[in-house]
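What follows draws every value from the coordinates through simple rules; no lab data is involved. A quick note: this is a predicted structure, and the numbers were derived from the prediction, not measured. Neighbour counts run over all protein chains shown; Cβ positions are idealised from the backbone, glycine included.
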Amino acid sequence: MNDMRDSFIDALLRKHSADPVADDGFCDRVMRRLPARRRVRRWQLPVAMAAGLGACLWSLSSAFLIRAGWEDWMGGIMSSAAVIMLLTVVGTSLLASWWALSESH
């Protein structure tokens, strides 16, 4: 839902139900029985990124255009293969960044 709908629904609920609903302690009992929050594992994201990068490099290592672009770029030659390779890497990075930012909202 979007913010406008959420605020409209919130205002409507507050208007028609100013008092809390009596539940005889049900919410408190449920909250006490919920399992503890799991710890965040910060190592999973870097490991997954490294595995994804490795898989991409392995699968693209046999592509002639990528290999030629890499060799030309490492040799200091800006050939069309090297430019295509660099534009592909930059475009993919920008697309992934855009997707991550759009999912965070």
Note the full-extension length gain between residue 86 and residue 45 as 0.36 nm times their separation in residues minus their Cα-Cα distance, in nm to one decimal.
-> 12.3 nm
Consider the candidate values (1) 13.0, 42; (2) 12.9, 35; (3) 26.0, 76; state which one is Rg and Dmax of the Cα atoms in Å computed from the structure displayed.
-> (3)
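Given the rule -39500 (n - 2.57) for each run of at least 4 DSSP H residues, summed and divided by the residues of the chain, what is its mean residue ellipticity at 222 nm, to the nearest 500 deg cm²/dmol?
Values: 5 runs with 75 residues, N = 105.
Counting only the DSSP helices, I get -23500 deg cm²/dmol.
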Dipole check, the chain, charges on Cβ (K,R +1; D,E -1), about Cα centroid: among 20, 83, 56 the Cα furthest to the positive pole belongs to 20
Taking the Cα centre of the chain as origin, work out the dipole magnitude from +1 charges on Lys and Arg Cβ and -1 charges on Asp and Glu Cβ, in debye rounded to 20.
-> 520
Please identify the helices of the chain, taking whole runs of DSSP H, that span at least 18 Å along their own axis as judged from the Cα atoms and have a mean Kyte-Doolittle score of 1.0 or higher.
-> 44-60, 80-104
